[in-house]
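Asks: Sharing a structure, written as structure tokens. Questions coming.
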Amino acid sequence: MAKYFASAIDKPTLAPYEISRTLRGQLHYFTEGASARQWEHSGDPNAFFFPLDLTTELFDEGVFYVTSPLDDQNQAEIEITEEQEDFLEWLISNEVEQVKVSEV
């Protein structure tokens, strides 16, 4: 079974953080917002930008919101899981905003 590791692009000496395949598929939920869309990293689908202010807000609130492509008038509020919370805490405590995910 493949393993996934999140590496801090902006802190290359920081040890990579292991994440599950499930969390790898959920990372885009935590990068929403204008500042994330403004970040450019050569179009790499494995590179993510997690603005610290947004990450801290998500961590503090304990929920994120998902808008259905079939009903953009309503959002579902989803409580973050323990794994998601641990990952957000890693980002915050290490002040990481730029992450690249690799599969091993």
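Asks: Consider Gly43 against the criteria (1) surrounded by 14 or more Cβ atoms within 10 Å (Cβ to Cβ); (2) at positive phi: it satisfies all of them except one. Which criterion is unmet?
Replies: (1)
Asks: Can you confirm whether Ser93 is polar (S, T, N, Q) and at pLDDT 90 or above?
Replies: Yes; evaluated as a whole, the condition is true for this residue.
Asks: Applying the selection to region 81-96, what residues are of a type in the set (A, V, I, L, M, F, W, C) and either part of a helix (DSSP H, G or I) or loosely packed, with under 14 Cβ neighbours inside 10 Å (or both)?
Replies: Phe87, Leu88, Trp90, Leu91, Ile92
Asks: Which residue pairs have Cβ atoms closer than 9 Å, lie 6 or more positions apart in sequence or on different chains, and pair a first residue in region 6-31 that is under 22 Å from Asp60 (Cα atoms) and free of Cβ contacts under 8 Å to residues at least 40 places away in the same chain with a second residue that is surrounded by 15 or more Cβ atoms within 10 Å (Cβ to Cβ) and among the acidic types (Asp, Glu)?
Replies: That search, which allows pairs on different chains as well, returns nothing.
Asks: Would you check which residues across region 75-90 are in contact with a Phe, Trp or Tyr (Cβ under 6 Å, 6 or more places away or on another chain), modelled with pLDDT of 95 or more and more than 14 Å from Phe5 (Cβ to Cβ) and list them?
Replies: Hit for region 75-90 is Leu88, nothing else.
Asks: Scan region 64-78 and report the pairs whose first residue is part of a strand (DSSP E or B) and whose second residue is charged (D, E, K, R), with Cβ atoms within less than 6 Å and a gap of 6+ or a chain change.
Replies: Once the first residue is part of a strand (DSSP E or B) and sits in region 64-78, its partners that are charged (D, E, K, R) give Tyr65/Glu77.
Asks: Among the residues of region 13-54, which ones are at pLDDT below 90, in contact with a strand residue (DSSP E or B) (Cβ under 6 Å, 6 or more places away or on another chain) and part of a loop (DSSP other than H, G, I, E, B)?
Replies: Thr31, Trp39, His41, Asn46
The values are calculated or read from the model by the stated rules, or taken from the named source; none is laboratory data. Note that the coordinates shown come from a computational prediction; the quantities given were computed from them, not determined experimentally. FYI the Cβ positions are ideal-geometry reconstructions off the backbone, even for glycines, and counts take in every protein chain you see.
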